[in-house]
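Data block below; observations after.
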Amino acid sequence: MFSNEDPSEDPIPFELTPEGEQVLEAARTLRRNLVRYAEAEQEGVIPINAFKPGVGEMVSVMRKTGVDMLHVDDLLDELHEISERGCTAFQLHFFAGLQPETIGGLMQVPERVAGRDVAIARAWLFERLKQITEKR
């Protein structure tokens, strides 16, 4: 699992390709939109049916599973500090819908590394979300 070790000591560095930078920016844009919608809904500003296609579906899934996008956003910031590579791989998978083979190519790391990063990041996020939920 990810730890608070110095990320500069990661034995497998990564560098996004130009295409990877574009896809990651699109994934971050979706993440920001989900956060804005979650904040607006929390404030009672817009109804769920006002969401754009795709975003509304993701919000509905999050609501059904009890996932709070505001918590996810904070945790992704925390994960980025712990493992930029893991956070990047997870965002490319979750928000852009990419598979490890494609993620590995965009990040210039082996497919197995990208897949492992996604799996570890997902487990780390679920564990942290579970801790947050249990505190309520």
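The values are calculated or read from the model by the stated rules, or taken from the named source; none is laboratory data. Small disclaimer: the values here were computed from a predicted structure and weren't measured. Please note: Cβ atoms are built from the backbone with ideal geometry, for glycine as well, and neighbour counts cover all protein chains shown.
Going by the structure shown, is L106 modelled with pLDDT of 85 or more and in contact with a Gly (Cβ under 7 Å, 6 or more places away or on another chain)?
So L106 fits the description; yes.
Can you find a residue that is at pLDDT 85 or above and more than 20 Å from E21 (Cβ to Cβ) anywhere in the range 41-59?
No, there is no match, as no residue in the range 41-59 is at pLDDT 85 or above and more than 20 Å from E21 (Cβ to Cβ).
Just checking, which of L30, L75, L92, L70 is surrounded by 15 or more Cβ atoms within 10 Å (Cβ to Cβ), farther than 23 Å from E19 by Cα and at pLDDT 80 or above?
L75
For a quick check of your reading of the model, give me the residue pairs whose first member lies in the range 109-136 and is farther than 18 Å from E78 by Cβ and β-branched (V, I, T), whose second is at pLDDT below 90 and not in a helix (DSSP H, G or I), with beta-carbon atoms closer than 8 Å and at least 6 apart or on different chains.
V109/I12; V113/I12
Which pairs do you get when a residue that is farther than 19 Å from I12 by Cα, found in the range 90-106, comes within reach of a residue that is assigned to a helix (DSSP H, G or I) and of a type in the set (D, E, K, R), reach meaning Cβ atoms under 6 angstrom, with the pair 6+ apart or on two chains?
So the pair list comes out as F95/R31.
Based on what the data block shows, is S8 among the hydroxyl-bearing types (S, T, Y), surrounded by fewer than 17 Cβ atoms within 10 Å (Cβ to Cβ), over 17 Å from L75 (Cβ atoms) and modelled with pLDDT under 85? Outline the logic, then answer.
On the way: among the hydroxyl-bearing types (S, T, Y): yes; surrounded by fewer than 17 Cβ atoms within 10 Å (Cβ to Cβ): yes; over 17 Å from L75 (Cβ atoms): yes; modelled with pLDDT under 85: yes.
In short, yes.
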